[in-house]
Amino acid sequence: MGDILETLKRYRAEGSRLVGCFPLYGPLELFHSFGLTPVVLWGLGDGRGYYPASDAHVQGYACSVARALTGFVIEHGTALFDALFMYNACDTLRNLPEILSRALDSRGGHIPMFRLHLPAIPLDRAHAARYLEERLRGLVKALEEFTGRSFSGDAFMASATLYERRRSLCRGVMDLRARGGIPSARAARIIELGNHVEVAEHIAGLEEVVGSCSGLPGDARGVRVMAGGIQAPPLELLDAMDSSNLVTVADDFATMARTHLASVSPRPDPHSYYTELYLHHPPCSTLLPSADARLGHLVSRAKASGARGFILFGEKFCEYEYFEAPQLLAAMEREGVRTLFLEIAPEDRENLAQHVTRIEAFAEMLQDGSTGG
Amino acid sequence: MVESPLAGKPKKSESAKRLSAMIAEDYMTLHQRASNGAFVVWIAIVVPAELFAGFDDVVYAVPESHAAMSAGKGVGALQCAKAEQAGYSADLCSYARIDIGTVLDGGRDSPSFGLPRPHLLVSNNNNCSLLVKWFDIYHRMWGTPHFVLDIPFCYEEQNGLNFSYIRDQFKDLISTIERLSGQRFREEKAAQAVSLSAEALKEWKRFIGLASHRPSPITAFDSFVHMAPILTSRGTRRLVEHYRMLADETESLEADGVYPVPGERYRLLWDNIAPWHQLRKMSSRLAGLGANITTASYTYCIGSLEGSIDAYPFDGTDPLAWLARLQNFSVCPQGLDLRLRAMQRAIERNGIDGVIFASNRSCKVYSVMQMDQMRHVRDTLGVPAIMIDVDHADERKYSEEAAFVRIEALLETIDARRSSGRPPTA
Ligand code: SF4
Ligand code: SF4
């Protein structure tokens, strides 16, 4: 994670035109099809110290994702990004565009911003689908003007194919992790790298990992657990899970499973593609229409993967996650899946040791009631 | 139910008495009609309740408004604690925690004995998406259908695409209620309610417009207290009568030389939700300092289009269109430029000397923008401003002393500017 800035600088030096996309699930394929390089602006907060620039603009009770994004864009945005993109992923993020443009202006910089309103109602409601179509058309037009290129269905199809390949490889890494072929921390690092690394480069890295681990024997030994949250927690905590003999057989991180369990067959029409992507997206606390499905989906994934425990890494101040947490944890417990809730603020290193202890205690508790993986 | 906190008034005004009676009656009627079989809808604050008047027997309840009343009555923290005990984070919006606490404890400790169980939940994401998450909890708990209205955020004035999208969703909502309640919607009845709401909002604007007078015959605290029936009696004749009476009464008090802050020396603007647990305390302490918060973004936005503070009139033709066009009225679904545009108008019109930005960790949507707003108000408009920490409904997260240290510093800054010969409002 330490070299995000270096990676982006390298792309820039090589002539890539970078689009900094606000989390969580922007239409990356579309940007890519216009020859742009989309990078997703999360995972920026881990020990990077980007908060000071954000502290003059965003209160400390906004989540670390938003604060790190703000600080990063203010400090490095003008030098790195040709454009920014945001959609209505969450209330905090929707408040940021003008804050950023004012902050950049005051430093003599400016970055064009693309915006999209993704319907927060089911896309099978006729006017929601129509609305998305209109908004996507607007985005395509804006991209045509910005890049000086016409939209190409073939290029979109090629980009969608790459992203689908990436999702499938990430699923492969998750599968390896479930079988004990790769530790949780490493799996998280490899998958989350895709937020900042160009898709083809990421695919090459994923292929190497998946290829090198092929032929692994069956199931891992250890206690099977599922873990979830917005982004993977600090690596020390994932290491603690690994060293406590917990095997992550499934995850529900927005940066991981929620992104990569989606599967859409590539096609030349962005409207049809994104309608299917968002309509059948793995449920997420920020995708409001998926709320009905979410608890059931997670409980059945936990059961299907044989998880005996569920660790929810709560992103401090993310109300989306927190409104659902009590019912989600209760639903897991009802099904016999023991739960652990840890509140994570990535800049808060002081509590890490305490969290590690709780993970170890949780593992012991599960082991006491377990005959092993 | 919440008394006017007007300082300096010898006794409760007629409009304050009427307000108490009206709110009590609204909650009583709601419970009664619900127990007589009316179709009960719980709505987010900005859901267009006038639509329900188009049905014969649909009643609505507003959990946010009930939470505000609970906080005003001093039980906010108690209800929040109940939600926290059930695992709901203390970082969640305090309205939500009050409501969840109230529901989980079967309405105990609520000033209105809770709200009648709904047949339908209707939320939206214009003020915040968290309302959707909050209502989803009940949807899962009770199996009650949950209808969501998706209202795009405004960075610029609402455009045609968004307008039609919103209006189409209102039609969906109407057919959903028709289907679930077995009742038929009659547009002319809804149009009548819209027309009454528009008339009431005109009177409301007349009332809060009095804040431009010097000294001001009103405080923002009055507007906080008197906004309650906009939420509980929308689209009714009695709402029009109430605001007419309130404006008339205030004008006549002014004519008699009765002012809420005698010797008013500082005219302030409040940015954020009302501090419901502090209305009386804060208003009297400020009055003691000669300070009057005359104006609040929370209440001047009511009935205005985004970026404006004036009433948006109803031309009598299409009630759904009027409702759709006003869907971004409250501050939260507006971008920074629009918020500032409205605030600048209010500052200029009402001769504001200083702005208090109430940074409210319980309402991030209102608050995350204030640092830049404050900079703009100070540096570009030349108006002194401060930021204080407030939680609108959970008094455990508010420190009166810390807040007043800053407020007093603001008043000193205003004094210093005056003595240096700079105009009170740039
Ligand atoms: S962590 Fe939650 S609040 Fe923060 S940006 Fe993500 S969805 Fe929004
Ligand atoms: S977060 Fe703010 S806008 Fe949302 S329900 Fe709470 S007080 Fe209202």
Filtered residues of the stretch B:374-390 (kept if within 16 Å of ligand 2 (Cβ to nearest atom) and crowded, with 23+ Cβ neighbours inside 10 Å): B:Val390
Exclusive hit being open to solvent by less than 30 Å² (accessible area, probe 1.4 Å), at pLDDT below 95, within 15 Å of the chain's Cα centre (by Cα) and within 14 Å of chain B (Cβ to nearest Cβ), set A:Ser54, A:Ser64: A:Ser64
Subset tally (residues that are open to solvent by 10 Å² or more (accessible area, probe 1.4 Å), within 16 Å of ligand 2 (Cβ to nearest atom), of a type in the set (A, V, I, L, M, F, W, C) and within 14 Å of chain A (Cβ to nearest Cβ)) for the stretch B:74-120: 3
Yes/no for B:Ala393 being within 15 Å of ligand 2 (Cβ to nearest atom), more than 14 Å from every other protein chain (Cβ to nearest Cβ) and either out of contact with any helix residue (DSSP H, G or I) (no Cβ under 9 Å at 6 or more places or on another chain) or open to solvent by less than 20 Å² (accessible area, probe 1.4 Å) (or both): yes
Test result for A:Glu350, touching a strand residue (DSSP E or B) at 6+ places or on another chain (Cβ under 9 Å), more than 8 Å from chain B (Cβ to nearest Cβ) and either acidic (Asp, Glu) or surrounded by 18 or more Cβ atoms within 10 Å (Cβ to Cβ) (or both): no
Qualifying positions in the stretch A:226-274 - closer than 24 Å to A:Ser159 by Cβ and modelled with pLDDT under 95: A:Ala262, A:Ser263
Residue list for the stretch A:311-340, filter: within 16 Å of ligand 2 (Cβ to nearest atom), assigned to a loop (DSSP other than H, G, I, E, B) and within 8 Å of chain B (Cβ to nearest Cβ): A:Phe317
Subset of the stretch A:175-201 (residues that are part of a helix (DSSP H, G or I) and buried (at least 20 other Cβ atoms within 10 Å of the Cβ)): A:Leu176, A:Arg177, A:Ala178, A:Ser184, A:Ala185, A:Ala187, A:Ala188, A:Ile190, A:Ile191, A:Glu192, A:Gly194, A:Asn195
Residues within the stretch B:194-224 that are surrounded by 24 or more Cβ atoms within 10 Å (Cβ to Cβ) and in a helix (DSSP H, G or I), tallied: 13
Answer residue from the stretch B:68-108, given it is polar (S, T, N, Q) and over 23 Å from the mean Cα position of the chain (by Cα) and is nearest to B:Pro275 (Cα to Cα) among those: B:Ser89
Residues (crowded, with 16+ Cβ neighbours inside 10 Å and at the interface with chain A (Cβ under 8 Å from one of its Cβ atoms)) located in the stretch B:150-163: B:Asp150, B:Pro152, B:Phe153, B:Tyr155, B:Asn162
Set A:Leu136, A:Leu69, A:Leu123: member being within 22 Å of the chain's Cα centre (by Cα) and either surrounded by 23 or more Cβ atoms within 10 Å (Cβ to Cβ) or within 16 Å of ligand 1 (Cβ to nearest atom) (or both): A:Leu69
Condition broken by A:Phe156, with the remaining ones in (1) open to solvent by less than 10 Å² (accessible area, probe 1.4 Å); (2) touching a residue at least 60 places away in the same chain (Cβ under 8 Å); (3) within 16 Å of ligand 1 (Cβ to nearest atom); (4) not aliphatic (A, V, I, L, M) satisfied: (3)
Residue list for the stretch A:278-300, restricted to those being away from every other protein chain (no Cβ under 11 Å) and of a type in the set (A, V, I, L, M): A:Leu279, A:Ala293, A:Leu298, A:Val299
Residue under evaluation A:Leu41, criteria (1) within 20 Å of the chain's Cα centre (by Cα); (2) within 16 Å of ligand 2 (Cβ to nearest atom), criterion not met: (2)
A:Ser290 being part of a helix (DSSP H, G or I), within 14 Å of ligand 1 (Cβ to nearest atom) and among the polar types (S, T, N, Q): yes
Helices (runs of 4 or more DSSP H) within the stretch A:227-283 that include 2 or more residues touching a helix residue (DSSP H, G or I) at 6+ places or on another chain (Cβ under 9 Å) and farther than 17 Å from A:Leu176 by Cα: A:235-243, A:270-279
Sole residue being within 13 Å of another protein chain (Cβ to nearest Cβ) and either farther than 17 Å from B:Gln334 by Cα or within 16 Å of ligand 2 (Cβ to nearest atom) (or both), chosen from A:Ile121, A:Ile99: A:Ile121
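The values are calculated or read from the model by the stated rules, or taken from the named source; none is laboratory data. The shown structure was predicted, so the numbers you read here are calculated from the model rather than taken from an experiment. Every residue, glycine as well, gets a Cβ built from its backbone with ideal geometry; the counts of neighbours run over all protein chains shown. For the accessible areas, the whole protein counts, side chains as well, though only heavy atoms, and no ligand, DNA or RNA atoms are used. Shrake-Rupley method; radii C 1.70, N 1.55, O 1.52, S 1.80 Å.
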